[in-house]
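Have a look at the structure below, then the notes.
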Amino acid sequence: MLCPLCKCEMRIGGSRTVVEGDTSPDTETRVYTEQDLVCRNPACDNRDRVVETVRTRLV
């Protein structure tokens, strides 16, 4: 993914696992990985700022 300001390729600045529907046995439990994307260009205003969070469901 590209930074919207400088068009440099972003990197993953952090990640976590998110679980939904785990509080009740009647609902489906869904597990996701969330990754925070940050710009790596030293001259960009978005440097080391979370520009976008990508969420991917794990099957």
Answer residue from segment 11-41, given it is under 17 Å from M1 (Cα atoms) and in a loop (DSSP other than H, G, I, E, B) and is farthest from the chain's Cα centre (by Cα) among those: N41
Members of segment 3-27 that are modelled with pLDDT under 95, open to solvent by less than 80 Å² (accessible area, probe 1.4 Å) and either over 17 Å from L58 (Cα atoms) or in contact with a His (Cβ under 9 Å, 6 or more places away or on another chain) (or both): S24
Failed criterion for V31 (all others in (1) touching a Leu at 6+ places or on another chain (Cβ under 6 Å); (2) touching a residue at least 40 places away in the same chain (Cβ under 8 Å) hold): (2)
Selection within segment 43-52 - farther than 14 Å from P4 by Cβ and at pLDDT 95 or above: A43
Within segment 42-56, tally of residues that are touching a residue at least 24 places away in the same chain (Cβ under 8 Å), open to solvent by 40 Å² or more (accessible area, probe 1.4 Å) and either in a loop (DSSP other than H, G, I, E, B) or in contact with a helix residue (DSSP H, G or I) (Cβ under 8 Å, 6 or more places away or on another chain) (or both): 3
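The values are calculated or read from the model by the stated rules, or taken from the named source; none is laboratory data. Source: prediction; values computed, not measured. Virtual Cβ from ideal backbone geometry, glycine too; neighbours counted across all protein chains shown. These area figures cover heavy atoms from the full protein model, side chains too; ligands, DNA and RNA do not enter into them. Shrake-Rupley method; radii C 1.70, N 1.55, O 1.52, S 1.80 Å.
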